[in-house]
Amino acid sequence: MTEYSQAYGLLAEFETPADAMHAAEKIRDAGFTRWDVHTPFPVHGMDDAMGLKNSKVGWFSFCGGATGFTCGYLMIWFMNSLNYPVVVGGKPLFSPMFPFPVVYEMTILLSAFGAIFGMLFLNRLPKLYHPLLKNRRFKGATHDKFYVIIETTDPRYSEAETRELLESAGCKHLEMVED
Amino acid sequence: MSSPTAPSSVKIAPPPREIEREPLVLNNRSLGWISDQIAGIIEGKTPTWWWVTMLISLPIMLMCFAMIGYLISTGVGVWGLNSPIAWGWAIVNFVFWIGIGHAGTLISAVLFLLRQKWRTSINRAAEAMTIFAVMCAGIFPGIHVGRIWFAWWLFPLPNANGPIWPQFRSPLLWDVFAVSTYFTVSLLFWYMGLIPDLATIRDRCKGFFGKFFYGLFSLGWTGSNRHWSNYEKAYLLLAGLSTPLVLSVHSIVSFDFAVSQVPGWHTTIFPPYFVAGAIFSGFGMVLTLMIPLRSLFKLQDLLTIRHIELMCKVTLATGSIVGYAYGMEFFIAWYGGNPYEAYAFQNRAFGPYWWAYWIMISCNVISPQFFWFKKLRTNVVVVWILSIFVNIGMWFERFVIVVTSLHRDYIPANWAYYSPTKVDVLTFVGTFGLFMVLFLLFVRFLPLIAISEVKGVTNQADPHHPLGGAKGGHH
């Protein structure tokens with residue numbers, strides 16, 4: 001068993017997005033949890049085929065935007081009416097109107113930070129090492145091939161049955177990836 | 001590496017004629033061909049024309065830096081500014097460059113939300129253009145403040161001068177926030193779009209440096225669908241955020257003028273009119289850049305005539321909006337009954353700067369009208385020449401707005417005439433050198449077409465299309 005203790009997962013290669021998607025549907029229905037599909041571009045409908053829920057990036061973006069909006073108003077209120085009050089044209093020291101353009105920009109800026117850094121956080125990127133990136137054949141994943149990987153740590157994983165499942169899904173090439 | 005066309009064994013029934021569209025990638029190219037073609041530009045030998053253009057642009061860029069050095073060491077007296085024309089070419093150039101940037105964001109964000117799939121062939125280069133144009137724009141407000149060592153006063157930074165903060169009622173401060181947000185968000189959006197393509201280059205790289213740097217900047221991207229799911233959501237959110245952002249940036253730039261009391265500036269039409277003008281000028285620049293690149297890198301299958309035609313149509317639409325705004329400004333100047341306003345507009349068209357006004361009208365209102373004709377829209381040489389006129393016209397628009405409004409205001413005793421000095425001209429010309437150097441480095445080292453996005457709009461990428469592997473009737 002020492003040989004398999006280092007195994008990361010079974011990698012199956014597919015020629016077309018439709019084949020990879022049908023394989024994903026089968027694996028989803030078989031109840032696997034630690035598996036993934038790797039494609040050169042986002043395949044339309046793959047999220048459903050994998051049974052993925054709606055991405056949580058939106059929450060990060062929302063929190064960023066709310067922070068930007070609140071901090072923007074607080075900052076301008078503090079600077080222009082509390083810490084350094086200057087009367088301009090006899091107008092009140094603070095109103096929600098004049099800071100709005102700046103607050104608007106800060107809301108967008110921090111929402112954008114939330115979207116990008118939230119996406120990187122959810123994807124655990126940057127990642128300096130990944131077993132798949134050592135695999136020569138896997139280079140097709142950023143070119144024109146479609147891959148399904150089932151990790152050996154998946155509770156439903158058993159080498160013979162998983163192999164059979166992937167072969168029946170019509171994969172063109174199957175190999176074990178070392179960690 | 002991969003076969004140049006999709007497998008011929010697949011038979012596709014043609015769609016009915018009336019719903020048939022020209023494909024976005026011509027000649028039924030395979031997925032592998034797309035990455036070979038685009039990554040091939042980076043992997044191939046540096047073309048001679050690249051070195052020639054680089055060797056021309058580099059000294060022009062250095063001249064820009066030299067002029068800025070001269071300005072800082074001597075003072076703003078080296079420019080042609082006088083009283084009352086305290087805003088000259090620096091502000092004209094700032095608005096010109098920032099406007100150019102707007103087309104990139106329109107293509108990357110607005111067209112994405114409108115599901116215009118043709119944007120995938122041009123969005124990468126247009127976003128790069130945005131970033132470099134905003135960099136060129138950002139130079140001018142920085143250096144025009146006079147005592148440049150105080151330029152940090154633009155930002156609300158804590159300082160030792162007692163409690164002292166910028167005044168947030170000033171549109172100039174709004175502009176600082178708008179432009180810096182615009183630059184940051186555009187850069188991040190552009191970089192996020194690059195991540196999967198950098199991974200493509202990483203996986204093809206042979207050399208050590210290539211492997212290291214493309215590997216580092218692709219952040220360990222594996223094309224995992226769990227990642228794509230978050231990535232696409234972030235992309236959609238950024239598109240949704242960039243759309244109100246791009247509209248706000250040029251609106252706020254127009255507030256720099258519209259919030260003042262100067263006749264010719266103090267008008268409510270400015271925000272939409274500036275935004276339309278910005279998109280118009282930006283598409284002019286995209287056409288100016290992409291038409292030569294398309295033939296130099298043989299990208300005719302990816303950047304098709306249909307792409308060029310569609311860009312011409314956007315140019316025509318926005319150019320006509322700009323023309324309408326010119327007309328409406330005149331109408332309101334007369335109908336509003338304000339004698340100062342009426343004079344400002346008469347003076348624009350028939351005063352000492354009449355030549356600038358009529359250059360603006362002929363380049364911005366008349367030249368895009370040629371795009372009504374399909375024969376002209378599909379002729380790349382004609383389109384390229386007209387796109388140059390658009391660039392010229394939009395620079396003159398900003399010159400007309402800034403200078404003609406300032407040079408004759410309320411009191412005739414204050415009236416003056418403004419001409420730029422050599423330093424003004426050379427600094428502006430120099431920013432083109434800076435822009436070209438950055439753009440040339442971009443086309444040499446980064447994928448100038450979004451590889452993964454173009455793949456995503458082909459039939460081979462569609463799991464419900466026979467070329468994408470769908471078999472017969474589908475669920």
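The values are calculated or read from the model by the stated rules, or taken from the named source; none is laboratory data. Every value quoted in this text rests on a predicted model; they were computed, and no experiment measured them. Here the Cβ is made from the backbone with ideal geometry for all residues, glycine too, and neighbour counts use every protein chain on show.
Could you look through the stretch B:286-330, keep only residues that are among the basic types (K, R) and over 18 Å from the mean Cα position of the chain (by Cα), and pick out the one that is surrounded by the fewest Cβ atoms within 10 Å (Cβ to Cβ)?
Per the stated criteria, the residue is B:K298.
Looking at the stretch B:407-415, can you tell me whether even one residue there is surrounded by 22 or more Cβ atoms within 10 Å (Cβ to Cβ) and in a loop (DSSP other than H, G, I, E, B)?
yes
Can you find even one residue in the stretch B:373-386 that is under 20 Å from B:W97 (Cα atoms) and among the β-branched types (V, I, T)?
Checking the stretch B:373-386: at least one residue is under 20 Å from B:W97 (Cα atoms) and among the β-branched types (V, I, T).
Filter the stretch A:34-70 for residues that are of a type in the set (D, E, K, R) and assigned to a helix (DSSP H, G or I) and give the result.
A:D47, A:D48, listed by residue number.
Report yes if A:K91 is under 13 Å from the mean Cα position of the chain (by Cα), exposed (fewer than 14 other Cβ atoms within 10 Å of the Cβ) and within 10 Å of chain B (Cβ to nearest Cβ), otherwise no.
No; evaluated as a whole, the condition is false for this residue.
Among the listed residues A:T67, A:T33, which satisfies the condition of being loosely packed, with under 15 Cβ neighbours inside 10 Å, more than 10 Å from every other protein chain (Cβ to nearest Cβ), of a type in the set (S, T, N, Q) and in contact (Cβ under 8 Å) with a residue 12 or more places away in the chain?
Unique residue meeting the criteria: A:T33.
For the stretch B:457-468, check the following and say yes or no: at least one residue is modelled with pLDDT under 95, within 13 Å of chain A (Cβ to nearest Cβ), surrounded by fewer than 20 Cβ atoms within 10 Å (Cβ to Cβ) and not in a loop (DSSP other than H, G, I, E, B).
Checked against the condition, which is being modelled with pLDDT under 95, within 13 Å of chain A (Cβ to nearest Cβ), surrounded by fewer than 20 Cβ atoms within 10 Å (Cβ to Cβ) and not in a loop (DSSP other than H, G, I, E, B), the stretch B:457-468 yields at least one hit.
Quick check on the stretch A:41-64: of everything there that is over 30 Å from A:A18 (Cα atoms) and more than 7 Å from every other protein chain (Cβ to nearest Cβ), which residue is surrounded by the fewest Cβ atoms within 10 Å (Cβ to Cβ)?
A:W59
Out of the residues in the stretch A:3-30 that are assigned to a loop (DSSP other than H, G, I, E, B) and under 20 Å from A:E164 (Cβ atoms), state the one that is farthest from the other protein chains (Cβ to nearest Cβ).
Of everything passing the filter in the stretch A:3-30, A:A30 is farthest from the other protein chains (Cβ to nearest Cβ).
Of the residues A:F146, A:F98, A:F113, which is crowded, with 17+ Cβ neighbours inside 10 Å, closer than 25 Å to B:P158 by Cα and either within 28 Å of the chain's Cα centre (by Cα) or acidic (D, E) (or both)?
Testing whether each residue is crowded, with 17+ Cβ neighbours inside 10 Å, closer than 25 Å to B:P158 by Cα and either within 28 Å of the chain's Cα centre (by Cα) or acidic (D, E) (or both) leaves just A:F113.
Being aliphatic (A, V, I, L, M), more than 24 Å from the chain's Cα centre (by Cα) and more than 9 Å from chain A (Cβ to nearest Cβ), is that true of even one residue in the stretch B:160-182?
Yes - at least one qualifying residue is present in the stretch B:160-182.
B:F189 fails exactly one of the following numbered conditions: (1) buried (at least 19 other Cβ atoms within 10 Å of the Cβ); (2) over 28 Å from the mean Cα position of the chain (by Cα). What is the number of that condition?
It fails just one condition, (2).
If you take the residues in the stretch A:72-88 that are more than 8 Å from chain B (Cβ to nearest Cβ) and surrounded by 15 or more Cβ atoms within 10 Å (Cβ to Cβ), which one is farthest from A:D29 (Cα to Cα)?
The residue in question is A:S81.
Out of all the residues in the stretch B:402-422, which are among the aliphatic types (A, V, I, L, M) and either under 11 Å from B:I85 (Cα atoms) or modelled with pLDDT of 95 or more (or both)?
Within the stretch B:402-422, B:V402, B:V403, B:L406, B:A416 meet the criteria.
Please go through the stretch B:196-213 and pick out each residue that is more than 8 Å from chain A (Cβ to nearest Cβ), surrounded by fewer than 22 Cβ atoms within 10 Å (Cβ to Cβ) and assigned to a helix (DSSP H, G or I).
Once the filter is applied, which keeps residues that are more than 8 Å from chain A (Cβ to nearest Cβ), surrounded by fewer than 22 Cβ atoms within 10 Å (Cβ to Cβ) and assigned to a helix (DSSP H, G or I), the stretch B:196-213 yields B:F208, B:F209, B:G210, B:K211, B:F212, B:F213.
So, in the stretch B:217-241, how many residues would count as being part of a helix (DSSP H, G or I) and facing chain A (nearest Cβ under 8 Å)?
Looking only at that region, the number is 13.
Counting only residues that are assigned to a helix (DSSP H, G or I) and of a type in the set (D, E), how many does the stretch B:286-319 have?
Matching residues across the stretch B:286-319 total 1.
Every residue, every condition in (1) β-branched (V, I, T); (2) surrounded by fewer than 23 Cβ atoms within 10 Å (Cβ to Cβ); (3) touching a residue at least 12 places away in the same chain (Cβ under 8 Å); (4) within 22 Å of B:I131 (Cα to Cα), yes or no:
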{"position": "B:T181", "(1), (2), (3), (4)": "yes, no, yes, yes"}
{"position": "B:G193", "(1), (2), (3), (4)": "no, yes, yes, yes"}
{"position": "B:W221", "(1), (2), (3), (4)": "no, no, yes, no"}
{"position": "B:A234", "(1), (2), (3), (4)": "no, no, yes, yes"}
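Give the residues of the stretch A:154-166 that are more than 21 Å from the chain's Cα centre (by Cα) and not aromatic (F, W, Y), sorted by residue number.
A:P155, A:R156, A:S158, A:E159, A:A160, A:E161, A:T162, A:R163, A:E164, A:L165, A:L166
Within the stretch A:141-164, can one find any residue that is without any contact (Cβ under 8 Å) to a residue 12 or more places away in the chain and closer than 30 Å to B:D36 by Cα?
Among the residues of the stretch A:141-164, not one is without any contact (Cβ under 8 Å) to a residue 12 or more places away in the chain and closer than 30 Å to B:D36 by Cα, which makes the answer no.
When residues of the stretch B:245-285 are filtered for being in a helix (DSSP H, G or I), in contact (Cβ under 8 Å) with a residue 60 or more places away in the chain, away from chain A (no Cβ under 14 Å) and surrounded by fewer than 24 Cβ atoms within 10 Å (Cβ to Cβ), how many remain?
So the answer is 2.
Residues in the stretch A:132-143 that are part of a helix (DSSP H, G or I) and more than 18 Å from the chain's Cα centre (by Cα): how many?
Residues in the stretch A:132-143 being part of a helix (DSSP H, G or I) and more than 18 Å from the chain's Cα centre (by Cα): 5 in total.
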